[in-house]
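The values are calculated or read from the model by the stated rules, or taken from the named source; none is laboratory data. Since the structure is predicted, the reported quantities are computational estimates derived from the model, not experimental observations. FYI the Cβ positions are ideal-geometry reconstructions off the backbone, even for glycines, and counts take in every protein chain you see. When the accessible area is computed, the model is the full protein with side chains, heavy atoms only, and any ligands, DNA or RNA have been set aside. Shrake-Rupley method; radii C 1.70, N 1.55, O 1.52, S 1.80 Å.
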Amino acid sequence: MGGEAPEPRLLTRALSIGGGDGGWVPEEMLHLVMGFVEDPRDREAASLVCRRWHRIDALSRKHVTVPFCYAVSPARLLARFPRLESLAVKGKPRAAMYGLIPEDWGAYARPWVTELAAPLECLKALQLRRMVVTDDDLAELVRARGHMLQELKLDKCTGFSTDGLRLVARSCRSLRTLFLEECQIIDNGSEWIHDLASSCPVLATLNFHMTELEVMPAELELLAKNCKSLISLKISDCDLSDLIGFFHSATALEEFAGGTFNEQVELAKYGSVKFPSRLCSLGLTFMGTNEMAIVFPFSAILKKLDLQYTFLTTEDHCQLIAKCPNLLVLAVRNVIGDRGLGVVADTCKKLQRLRIERGADEGGLQEEQGGVSQVGLTAIAVGCRELEYIAAYVSDITNGALESIGTFCKKLYDFRLVLLDREERITELPLDNGVRTLLRGCTKLRRFALYLRPGGLSDVGLGYIGQCSGNIQYMLLGNVGETDDGLVRFALGCANLRKLELRSCCFSERALALAILQMPALRYIWVQGYKASQTGRDLMLMARPFWNIEFTPPNPENARLIEDGEYCVDSQAQILAYYSLAGKRLDCPQSVVPLYPA
């Protein structure tokens, strides 16, 4: 009171953590507290407090995600975290999913398996993403960890066969999760499923969706009978009428995807299909208008629905989704149209995740009014205010639609928008003000992707992204900006950006290098389609310790066709730069030039 000077605060940094040498805080208590800190950034910050906290973090860390397999050596990771129970390693750049990375690019699983499988005595879960995994790798893994392995996820991996899967099935009796979605697997027979059913009684999740593996219904039925805890199954193509016995036995099943309708003309054969009573997540393949009624009896309890690989029309989407008021997750193609999204907005008030993929461009099933536009997105923003994730391919867009998302979708943490080039005229470009409002309104955003058309975002708009994206850690931008000045404006505001991907941009090598130096948290950048030189000489401006720079020179001869007949543009120069404690990688293909370290 009375204006006395406040007493000085005597709580020092050392006292706040119990003294510089550990003080009165028991080690057991610090271990216990550290166990509740799950966010890797918080863990990293805690480990920097003092040597003691660093050691306790190392001994108590249960899970680590390596965002890029060349960022650290397996040996260094082992020395830092010797008691890991779960490890995830990511390999090739995301562009590999679109045919933009050569097959021999690298990301081999061998060093990770050989150096970590045996020494990590507590390892129970392993996830490898976009990596090359061989049968020998799987054999070494199960020899070392088969007795303890509970979870194996191979996500979009290549290089192995069903022979390797048989080894996993026979050796990992405690296996609860086997994830193989979108892997390229050599099919040497379906006996691996029989071995899973015979050897892994606690299996709860099996996913080989979007692979070309053969499915034998009898073996799936055996799986259901032996694995009473099976709650999720996603398979490759298998006629739904052949799975009647499986569904009868899989009483605990909550999630299913991959069943097909191969005989649209013989609808009576599907009349006997009865889904398990607990099923609340569904994704069926080749389902058309006449087969849609099979979902109606339990549509009200569905929480997740995947319609990306169906033959449903816009009207079909409207009828089906109107019967699904409890959806949390919805994946569709843009055939749903603005009309279908209007039904989603009116019906699915609890929706948290919405994915709208690109459909066929040749017409047929496309919405007569032109697919998804600002009309549908605005309806979704107003009607589905619990949304946390939106990924959409749109034919038209306006600033107003983006502003609506920023105004109403306050829980959004991941937003991705691709503007298709099907329409000659877009209602409103550039989208500067809409992007600014969206970023200002969605303060929880951590991941942001915006792939537009030339003129879609000016230098001013690119500057807005930098100014308003303080919490965003991952960003993909395509066809944005007008000059190098826009990139400089963008870079000055990205204080926390850790991963950046740029495509089809107008920036020079020099501007890219200088911009990267302005982003202090950046750990990874991939660029394709910019004003490249033949040697990448200006990229050396960003050279610094622990920063690897790899350059893929432009090569017009690399232009080729992918399976669906569209051109895969990998003839443009590429830049990959990343923070690494492992030094220069030794397995670069001839198409990649390591600039630094040389």
What is the log10 of I(q)/I(0) for the range 159-242, computed with the Debye formula using one identical point scatterer on each Cα and no solvent, at q = 0.17, 0.18, 0.21 Å⁻¹? -0.60, -0.68, -0.96
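With both bridge residues required to lie in the chain, what share of the DSSP beta bridges run antiparallel, to the nearest 5%? Intermediate results must be reported in sequence, preceding the final value.
On the way: 16 of 95 bridges.
About 15 percent, rounded to the nearest 5.
Is there a quick way to get the dipole size of the range 451-523? I mean about its Cα centre, with the Cβ of Lys and Arg at +1 and of Asp and Glu at -1; what is the value in debye to the nearest 20? If you can, show how the numbers build up before the last one.
Details: 7 positive and 6 negative charges, 61 e Å.
Once rounded to the nearest 20, the dipole reads 300 debye.
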In a solvent-free Debye calculation with one equal scatterer on each Cα, what is log10 I(q)/I(0) for the range 65-235 at q = 0.08, 0.11, 0.12, 0.17 Å⁻¹, listed in the order of the q values? -0.23, -0.43, -0.51, -1.02
For the range 387-456, what Kirkwood radius comes out of the mean inverse Cα-Cα distance, in Å? 12.1 Å
Given charges at beta-carbon only (K, R positive; D, E negative), |dipole| of the range 238-312 in Debye: 280 debye
Options ALA513, VAL375, ALA392, ranked by Cα towards positive dipole end of the chain, top entry (Cβ charges): ALA513
The chain, relative contact order in percent, only Cα pairs under 8 angstrom and at least six apart counted: 6 percent
Report, in debye and to the nearest 20, how large the dipole of the chain comes out about its Cα centre when Lys and Arg carry +1 and Asp and Glu carry -1 on their Cβ. 2460 debye
Holding the Cα-Cα limit at 22 Å, pick out from LYS349/LYS499; LYS228/LYS269; LYS92/LYS499; LYS62/LYS124 the pairs that are longer than that. LYS349/LYS499; LYS228/LYS269
Counting only protein heavy atoms and rolling a 1.4 Å probe, one gets per residue an accessible area for the chain in Å² of 44 Å²
LYS584: which aspartates and glutamates have alpha carbons under 12 Å from its alpha carbon, excluding same-chain residues fewer than 8 sequence positions away? GLU550
Taking Cα centroids, how far is the range 386-440 from the range 479-503 in Å? 18 Å
FRET efficiency for THR443 and LEU586 from the Cβ-Cβ distance with R0 = 56 Å, rounded to 0.05, comes out at 0.85
Work from the charge dipole of the chain (Cβ charges, +1 for Lys and Arg, -1 for Asp and Glu, about the Cα centre) and give the residue of CYS409, LEU477, ASN290 farthest towards its positive end. CYS409
Bounding extents of the range 238-312 in its principal axis frame from Cα atoms, largest first in Å, are 31, 24, 19
The base-10 log of I(q)/I(0) that the Debye equation returns for the chain at q = 0.10 Å⁻¹, one scatterer per C-alpha, is -1.04
Could you check the spin-label model distance between LEU32 and ARG170? Points 7 Å from the Cα along Cα→Cβ, value in nm. 4.7 nm
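Can you send over the carbon and sulfur percentage of the accessible area for the chain, probe radius 1.4 Å, protein chains only? Show your work: numbers first, answer last.
Numbers: 13930 of 26490 Å².
Carbon-and-sulfur percentage of accessible area, whole number: 53.
From the convex hull of the Cα coordinates of the range 188-332, what is the mean projected area in square nanometres?
On the way: hull surface 32.4 nm².
One quarter of the hull surface, i.e. the mean projection, equals 8.1 nm².
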Place +1 on the Cβ of every Lys and Arg and -1 on the Cβ of every Asp and Glu in the range 65-235, take the dipole about the Cα centre, and give the residue among GLY91, TRP105, LEU138 whose Cα lies farthest towards its positive end. GLY91
Taking every DSSP beta bridge that has both residues in the range 238-312, what percent is antiparallel when rounded to the nearest 5? 0 percent
VAL66 long-range amide H proximity, modeled H, under 5 Å: ALA88, VAL89, LYS90
